[in-house]
Amino acid sequence: MFNINQDDLHPDNIMQAVTNFRSYTRGENYYYNDRVGPVYFYQNEKMTEATVHGTRSYKCQASFQRNGDLDRVSCTCPAFDSYTGICKHLVAFLLELDELMSTEEYEQKYSTQQGHQMIDAFKETFKPEQPAAVMEKETLQIYYELQLKSNPFSGLVDNISLSLRAGVQRPYVVKNINRFIEAVNTGSNHYFTKKFSYEPDKHVLSEEDWAVLQLLQKIIKSKDPGYPYSGLSRERQFDVPDFMVPELFELLEGKKVDITSRSGSESVAIDAFHPEARLEFLLQKNTENDAVELHLKGEDHLFFSLDHQLLRSGQTIYRLNQEQATILDKLVNTSETWGVLTTFSLADMESFCSYVLPKLKDIATVEMDENLTNVIRHHPLKAKMKIDYREDVLTTLVSFQYGDIEIDPYEERTEELEAILVRDVETEAMIISLLDRIPFSRADGKLILEDEEEMVAFLFEELPVLQEYLDIYTTSKVRQMIAPLDKQPSVSLAADEETNWLDVSFSLEGIPDEEVGHVLEALKQNQTYYRLPNGAFLHLQGEEFGNVKNAVDHFAPEKGKLQEDMKVPLYKALSLEDEKAQSFKLSSSLRQLMNDVQKPDFIEAEPPEAIDASLREYQLTGFRWLKTLSQFGLGGILADDMGLGKTLQTITYLQALADEKASMRAIIITPASLSYNWEKEFHRFAPDMAVTVIAGTKAERQKKLEQSSEAQVLITSYPLIQREADQYQSELFDVLILDEAQAIKNEASKTAQSVRSLQAASAFALTGTPIENRLEELYSIFNTLIPGILGSKKKFKALGNETIAQRVRPFILRRMKKDVLTELPEKDEQVQYTNLTDDQKKLYLAQVNRLAKDVDSAIEGDQFQEQRMQILAGLTKLRQICCHPQLVLPEETYKSGKFDRLLEYVDEGLASGRRMVIFSQFTSMLAMIRTAFDERGWLYHYLDGSTPTKDRLALTERFNEGEHSLFLVSMKAGGTGLNLTGGDTVILFDTWWNPAVEQQAADRVHRFGQENNVQVIKLITSGTIEEKMLEMQERKKALVEEVIQPGEQQLTSLQPEDVKELLTV
């Protein structure tokens, strides 16, 4: 049959149903010559019929399913039965049908006819309500007849077929089971004989019988994929699939059924197997040949195949569970005759009693004759293990004892015993499997361990498990290998309220004081054991060390040694999980502090008198926020917008700490270019504070550090801390300040690791961009400030953005300029598009084509990651061409549309009195701009990465005081830490991958202190990678905005599909 729907009847589809094209052309001729008679539609049966007149006349039929799918076709011609496809008469009939069904007349006629059919169907089922007495229904009794067919070789029943009878006064044969079930389900009448029909308004089925009928219909459908149109639906008897037999008999439980088997026909009950139904076996010794025979008592039994899970005993068929059926199957499948199930030698009697007899008790009672009963012995198993340690070798001797009989499990028994022993083979097997896991060698009947690690693993890990099954006996030398602990190890935590540090004390009684630190280090290294000087071993992974291990994991410093008593930042206690905190001994003050931190009162502190500045309201809030968190030993991120005075708020906070504690010691880590800027800001706002900048040559830095004992604030840089973190390990700082903290966004970097090794009571990060690309960057910063607040790295990655935002919200303070500096002049941002020159465009397209081939080749060869650097270099070359072709081909005289537009704009700006700051990331581009400015006599300042730090401050001051109207700045060198409020125009000559960097650059001019409106111009070359970069950045900001603020997509995180998009022209 071909698949087609009545809505898809079409000559092309009809043609696919013929196997001989000549049949289609002849049928098509019959159709065109009007050889198809009237077409009759029988809506009730969804069937159509017509007579096709050829040499002779033949009747054609087609029936459809309810969904319109063609179900079957037929023709009375002889060819129909011999063809695999349809005949020519059916071709003509279907073409005629296609024409009729597409007419409006057919649609109107038969759509309404279908409605009439629906109404008639409801009329047939409508019955007026009858008085209560009339509505009483008779129960239709269902009788089940099973035919059991046995395999002639095994004697097991391996086929069960079923038929039904039904009736009220007497049973009638159900001639078509499927139609009967359909009638029951649809509430239709079903004819049995002239004397009886099933009528749903008169008859009702019991719930049990209804459930059986539903299963039978399920069986019919499972056996016939073409249900309900095959001949199977007309059968009065069908085979029950083996896998459905257990379900059928579960529904038949409690009923009587008629069965026909090799012994004839009879009525039996269906029941679940129970102890009273157990079979009866007789185990006896044959005196003639000394063999042992197992007999089945009684003769009225019938065994079934394993899948059926049935047993016939007497006048009942019992349902078995899977285990019972398996035991019985193993028994009967090995039997030779029905009288004697099995025969074995007397020597196998012990194995039979140990392996078979315990299993048989679940399904049978076993009677033994006196010859066997007198020699069988039942004793409980007593397994023993004796352990000794001599000459660096651990030896064990294992034995199984039953009464006064002792058995070596690794040796075969050769002695003949007068008694037959019933052994506990399951427990013996369990013990042997446990012993097999241990790398023992065998010698002289003993199990031996010679490797020290294997011995310790056996004593601490395997022996506790074996103790559940064996009695363990150890010599004094073995007991000496296990170090006794006088008391459960414990951890005590107490808050030092004066210093905001946490005192951690480890109590390991029974371990020498000089060994405690080594034990703690072993726990830190996650070692399983530690050997004391006396040779005894400590099991460090045991439950008794669980709380100590938790403390070590949580409080151990990144660098430095663990000690019995030590100080750690207070926040480490506040970030403890409740479950871990409960395993430690907490001081009352610490417990109170941990409760208070859940709802901290905001400290209403006033700024110190020594601060030479008037703080705005939002800056005062920032100062109080810093002070409140530090009171609890916590830290956070001050993420204010550029130019809102993060430096001033921090200096105010440090001055307040110094007023409270003269010996206050803080360390500030900054980008190298900002170290002296911080010093200058301290002199400006807090001139009384002692500040030392650790910079200069190695010798100079060492000297400054040695002479800094009186300094309240040390200032150093990220590059220096990476190299010299060890010099700060012995100091406990009150505060750690991380300026431009995105420098530690990579958790695995040496810089981040070095910063984390510093010890401070509180730590704060200052950055306008806590996330520059991925959420993992935020994790890295917080793992330095408040380790543990975001859980492990694995748990953090599983958190949703909303959950992360909720956790970090109390520890991030973020204010935007537009919200707090309403008096700040406006910033007008605009994009100006320029075009490539003709030569520039040719060069650009050639590079695009070359790079596109390289990218395609890398992707196809699965080498994208390996060739990432080459691909990124190619993208950089495209960006350089957009700036100026001479950045790529310095010997050529190509022109640049963007460069020409810059010179025009600068000329116009100078004429209008604008003061312009021009940023580019390419110093070679800045060099070309300088040359052009020199040729035109335009005076300017210049700053890039090679400009000394002290000179940078002088340059910015001169520019802000009005010297020159132009300032050329390298994006990376001048994007942070500079104050260029003397300018009023920012020109971003080339696009940076990170829009936050561009924002920082613009905010060098648009910041507190600016009195003029600021114009920010971004020059973009149309139809190039620069335009694509803008689009990509906008699309990929959403993730960061959801947690903190708008972010950006870094060049290093580009995927193959991103690169492909960048290369589209």
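The numbers here are math on the coordinates, done by the rules we state, and not lab data. Model, not experiment: these values are computed from the prediction. Quick reminder, even Gly has a Cβ in these numbers, built from the backbone with ideal geometry, and neighbours come from all protein chains shown.
Okay, here's what the table says:
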{"quantity": "Calculated diffusion of the chain, Stokes-Einstein form, Kirkwood radius summed over Cα pairs, 20 °C and 1.002 mPa s, µm²/s", "calculated": "53"}
{"quantity": "Angle in degrees between helix 104-125 and the longest Cα principal axis of the chain, rounded to the nearest 10", "calculated": "60"}
{"quantity": "Lys487 paired with Glu521, simple spin-label distance in nm, labels 7 Å along Cα-to-beta-carbon", "calculated": "2.6"}
{"quantity": "Surrounding net charge for Ala610, when Lys and Arg each add one and Asp and Glu each subtract one, Cβ distance under 10 Å", "calculated": "-4"}
{"quantity": "Efficiency of FRET from Cβ geometry, Thr475 and Leu282, R₀ 60 Å, rounded to 0.05", "calculated": "0.70"}
{"quantity": "For Ile407, distant residues with modelled amide H under 5 Å away", "calculated": "Phe400, Gln401, Tyr402"}
{"quantity": "Projected-area mean, segment 870-942, by convex hull of Cα positions, square nanometres", "calculated": "5.4"}
{"quantity": "Glu724, Glu138 arranged by Cβ crowding within 10 Å, fewest neighbours leading", "calculated": "Glu138, Glu724"}
{"quantity": "Fraction of beta bridges assigned by DSSP in the chain that are antiparallel (%, nearest 5)", "calculated": "55"}
{"quantity": "Relative contact order, percent, the chain [alpha-carbon distance under 8 Å, six or more residues apart]", "calculated": "6"}
{"quantity": "For Phe555, Phe922, order by how many other beta-carbon atoms lie within 10 Å, fewest first", "calculated": "Phe922, Phe555"}
{"quantity": "Cα convex hull volume per residue for segment 378-480 (Å³)", "calculated": "107"}
{"quantity": "Cα-based helix-to-principal-axis angle, 838-860 vs the chain, degrees rounded to 10", "calculated": "40"}
{"quantity": "Cβ crowding within 10 Å averaged over residues, with 5-13, 880-888 ranked highest first", "calculated": "880-888, 5-13"}
{"quantity": "Theoretical FRET efficiency, 1/(1+(r/R0)^6), r = Cβ-Cβ of Thr923 and Asn33, R0 60 Å, to 0.05", "calculated": "0.10"}
{"quantity": "Pairwise FRET efficiency - Lys175 versus Thr76, Cβ, R0 = 35 Å, nearest 0.05", "calculated": "0.80"}
{"quantity": "Cα-based helix-to-principal-axis angle, 1025-1035 vs the chain, degrees rounded to 10", "calculated": "60"}
{"quantity": "Two-site label geometry, Glu1011 and Asn801: point separation in nm, points 7 Å out along Cα→Cβ", "calculated": "4.3"}
{"quantity": "Sorted peptide list for 714-721, 835-842, criterion being average Cβ within 10 angstrom, highest first", "calculated": "714-721, 835-842"}
{"quantity": "Rh by Kirkwood over Cα pairs, then Stokes-Einstein D for segment 617-820 at 1.002 mPa s and 20 °C, µm²/s", "calculated": "124"}
{"quantity": "Order of His308, His53 under a 10 Å beta carbon neighbour criterion, fewest first", "calculated": "His53, His308"}
{"quantity": "Cut-off under 5 Å, modelled amide H: who pairs with Tyr172 long-range", "calculated": "Ala166, Gly167"}
{"quantity": "Residue pairs, from the table Lys794/Lys853; Lys680/Lys703; Lys255/Lys359; Lys580/Lys661, whose Cα atoms sit over 28 Å apart", "calculated": "Lys794/Lys853; Lys255/Lys359; Lys580/Lys661"}
{"quantity": "Length added when fully stretched, Ser188-Asp907, from 0.36 nm per residue minus Cα-Cα", "calculated": "249.2 nm"}
{"quantity": "Links that overshoot a 21 Å alpha carbon limit, given the list Lys559/Lys750; Lys842/Lys877; Lys46/Lys218", "calculated": "Lys46/Lys218"}
